[in-house]
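Worksheet for the structure shown next.
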């Protein structure tokens with residue numbers, strides 16, 4: 001698999017996320033994929049390390065059941081031979097608290113030799129996410145300025 | 001400037017960070033650089049968006065005044081024509097006590113036409129950082 005095909009896979013995953021098409025995302029994962037948000041706590045339903053496709057489903061269920069995603073804009077995608085890194089703008093509203101948040105996401109994807117995702121780490125403003133879900137929005141200003 | 005030049009600039013910045021050489025980092029920035037961590041809160045001394053080199057000094061002063069960096073391992077660097085994205089393993093301990101906290105960092109840099117950094121956002125586990133610093137201060 002080439003860097004170009006890996007980037008195409010990520011673009012397909014992002015499109016599927018927008019459509020709520022989790023099956024397409026799972027099909028791009030290796031059987032033993034290691035998938036996690038870079039969050040040490042479990043304050044958001046999608047946090048926590050997941051291993052294998054069955055556990056990754058819980059990541060998307062956690063997002064879908066607790067939030068309405070109102071912005072998912074890919075700002076940049078870059079790649080190496082077997083990795084893809086991305087920078088995105090993201091907004092959501094908590095279904096429980098009604099509070100909203102806007103932030104950047106940073107994604108790191110590593111592919112195996114068959115072009116399947118074997119390692120995924122997603123970084124977000126965890127303090128802002130936890131506060132928003134709890135109905136306690138952060139006091140300061142957004143880091144999303146351009 | 002080429003993508004390879006931009007990657008080399010980021011590698012120089014990371015090396016300078018490791019030896020506490022802030023002036024070298026500032027020399028790579030545009031005059032009106034927009035620089036900040038992806039943190040809406042104020043739980044760390046380096047949080048907040050900075051504009052211009054003088055304000056960016058506060059970012060590095062904040063890290064140095066409150067933490068000891070125990071690990072800064074650049075796992076990968078990727079680039080587009082005018083951007084560099086990286087993935088890093090990072091560990092720090094609060095100054096004055098506290099255990100080492102480890103996490104991943106994700107960096108995004110955008111360059112201007114002169115090869116200077118015009119925009120930076122760095123993502124970390126802000127909840128973990130804030131709790132580690134608050135725990136050390138308690």
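Derivation of every value follows stated rules applied to the coordinates shown; laboratory data play no part. Note that the structure is predicted; figures quoted are calculated from it, not measured. Methodologically, a virtual Cβ is constructed for each residue, glycine included, from the backbone with ideal geometry; neighbour enumeration extends over all protein chains shown.
Summarising the label geometry, the points placed 7 Å from Cα in the beta-carbon direction at residue B:61 and residue A:5 lie 5.3 nm from one another.
Ranked for footprinting exposure by Cβ neighbours inside 10 Å, fewest first, A:107, B:106, A:113, B:51 give A:113, B:51, A:107, B:106. When only Cα pairs under 8 Å and 6 or more residues apart are kept, what is the percent relative contact order across chain A? Answer for chain A is 23 percent.
Our summary gives chain B a relative contact order of 25 percent, counting only alpha carbon pairs under 8 angstrom and 6 or more residues apart. Taken over the alpha carbons of chain B as equal point scatterers, the Debye sum produces base-10 log I(q)/I(0) values at 0.12 Å⁻¹ of -0.45. All C-alpha to C-alpha distances of the stretch A:1-70, sorted into 10 Å bins beginning at zero, yield P(r) values of 19, 49, 28, 3 percent in whole numbers.
Just rank A:87, B:60, fewest to most, by other beta-carbon atoms within 10 angstrom.
Least to most surrounded, the residues fall as B:60, A:87.
What does the convex hull of the Cα atoms of the stretch B:90-138 come to per residue, in Å³, rounded to a whole number?
84
Across the alpha-carbon set of the stretch B:41-97, the Rg to Rh ratio works out to 1.04, Rh being the Kirkwood radius. Helix B:53-66 and the long axis of chain B differ in direction by around 30°, with both axes built from C-alpha atoms.
Normalised Debye scattering of chain A at q = 0.21 Å⁻¹ gives log10 I(q)/I(0) of -1.42, counting only Cα atoms as equal scatterers and leaving out solvent.
Footprinting exposure proxy ranking of B:70, A:121, fewest other C-beta atoms within 10 angstrom first, gives B:70, A:121.
The value of relative contact order for the stretch B:28-89, using C-alpha pairs under 8 Å at least six residues apart, is 22 percent. The per residue volume of the convex hull around the alpha-carbon atoms of the protein assembly as shown is 121 Å³.
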